[in-house]
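Read-outs throughout are calculated quantities, based only on the coordinates presented, and are distinct from any laboratory measurement. Nothing here was measured: the structure is a model prediction, and the numbers come from that model. Heads up, the Cβs are rebuilt from the backbone with ideal geometry, glycines too, and the neighbour counts pull from every protein chain shown.
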Amino acid sequence: MKIRTILGDISPSELGVTTCHEHLIWSVPVPYADEDPDLGFDSIPAAVAELRYFKTAGGSALVEMTTAEIGRCPVEMRQIAEASGLHVIAATGHHKEKFSAVALAGKSVDEIADGIITDITSGMNGTDIKAGVIKAASSQNTATESERQVIQAVGLAHKATGAPVSTHTEAGTFAIEQAKLLNEAGVPFERLLIGHLDRGLPRETYLALARLGAFLGFDQIGKNKYWPDAERVLLIKDLIAAGHVNQILLSGDTARKSAWHVHNPRTDGLAHLLLNFVPAMREAGVNENHIQSMLVGNPARFLAF
């Protein structure tokens, strides 16, 4: 078993404390690029500084979920990983149709799958830098025809490589349906991380996904405008009590300059997870073994293939 990082394969035991859905270099594609100037990261020095701050808080690894259509930069990510000393796992696959439609226009399922497989086995963007996780996405309350094509391609790529699959849902909608579509395409539930769930969904949604065997992505930590962190803590406690601690993965999905400590010292940025959210879980009575499972053990199991 191995985890495929930007700098090469490592043993799962080497991974350490991991934030499982983040961005280091990315951009909003045309024609949406001017909608929100705060969105996007375009600085190697800023990314290195942010990762070093995360490292001082106890972080060891990060899953970088930027796909090609939103500006994935393998060479720059390798420079960031080398300079920061963190394990960085890069993504292949594709984002939701809003961002990927132009890039995927005219491509067959097999062509999409071949591109994903190449990213994992040979390298991204013509480099020898390999991806270690596959991204799939759906839209608000549905998966479009293009997104369903990607899901089929992701299934083919997973069967060919064994790489784990991590998803984008739109505010947690269509989560159960998305998981079942990916499973029908060939991705076992236990190799699947359903993203963006911590948005105040019905409790049964979490339990239904957990019963399927999928990993649950609590990856909006710190974004209290969507749902308060205090509610996230309560839900995590509830899921632990129901026996699902080994399926919970944590991160912040920081995507705005103002959300990074290096740009905005009033926030802890990537380190918020470790400096604020973990202490809040301890304060609420989540024990240390369970915290270590969510931060270390679960990411290592999910990312290994």
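Annotations for the structure displayed:
- In this simple spin-label approximation, residue 238 and residue 76 carry label points 7 Å from Cα along the Cα→Cβ vector, and these lie 4.0 nm apart.
- ³J(HN,Hα), Karplus 6.51/-1.76/1.60, whole Hz, each residue of segment 188-199, x for Gly, Pro: x, 4, 6, 9, 10, 10, 8, x, 6, 7, 7, 10
- With a cut-off of 12 Å between beta carbons, the residues surrounding residue 257 carry a summed charge of -3, where Lys and Arg count +1 and Asp and Glu -1.
- Residue order, fewest to most beta carbons within 10 Å, for 232, 282: 282, 232
- Residue order, fewest to most surrounding Cβ atoms within 10 angstrom, among 41, 99: 99, 41
- Relative contact order (%) - the chain, alpha-carbon pairs under 8 angstrom, separation at least six: 21
- Using θ = phi - 60° in the Karplus curve 6.51 cos²θ - 1.76 cosθ + 1.60, the 3J(HN,Hα) couplings for segment 142-151 round to 6, 10, 6, 4, 5, 5, 5, 4, 4, 4 Hz; x is entered for Gly and Pro.
- Extension gain from residue 208 to residue 276, taking 0.36 nm per residue of separation minus the Cα-Cα distance: 21.6 nm
- When both segment 29-47 and segment 56-122 are represented by their alpha-carbon centers, they are found 16 Å apart.
- Between the amide H of residue 137 and those of 168, distances stay under 5 Å, these residues lying 5 or more places away or on another chain, with hydrogens modeled in the peptide plane.
- Separation in nanometres of the label points that stand 7 Å from Cα toward Cβ, at residue 231 and residue 184: 3.1
- In this simple spin-label approximation, residue 224 and residue 111 carry label points 7 Å from Cα along the Cα→Cβ vector, and these lie 4.8 nm apart.
- Here's the list of lysines a cross-link from residue 159 could span, going by alpha-carbon distance under 18 Å and ignoring same-chain residues fewer than 8 apart: 2, 130, 135, 180.
- Here 17, 109 are placed in order of increasing Cβ neighbour count within 10 Å, fewest first, which gives 109, 17.
- Label corresponding to Cα extents along the principal axes in Å when calculated from the structure given, among (i) 48, 45, 37; (ii) 52, 42, 41; (iii) 63, 47, 34: (ii)
- Residues in segment 241-247 carry Karplus couplings, in order, of 4, 7, x, 10, 4, 7, 10 Hz; the curve used is 6.51 cos²θ - 1.76 cosθ + 1.60 with θ = phi - 60°, and Gly or Pro positions show x.
- Förster radius 30 Å - calculated FRET efficiency between residue 56 and residue 284, Cβ distance, rounded to 0.05: 0.75
- The Cα center of segment 226-248 and the Cα center of segment 251-272 differ in position by 22 Å.
- For segment 3-303, share of DSSP beta bridges that run antiparallel, in % to the nearest 5: 20
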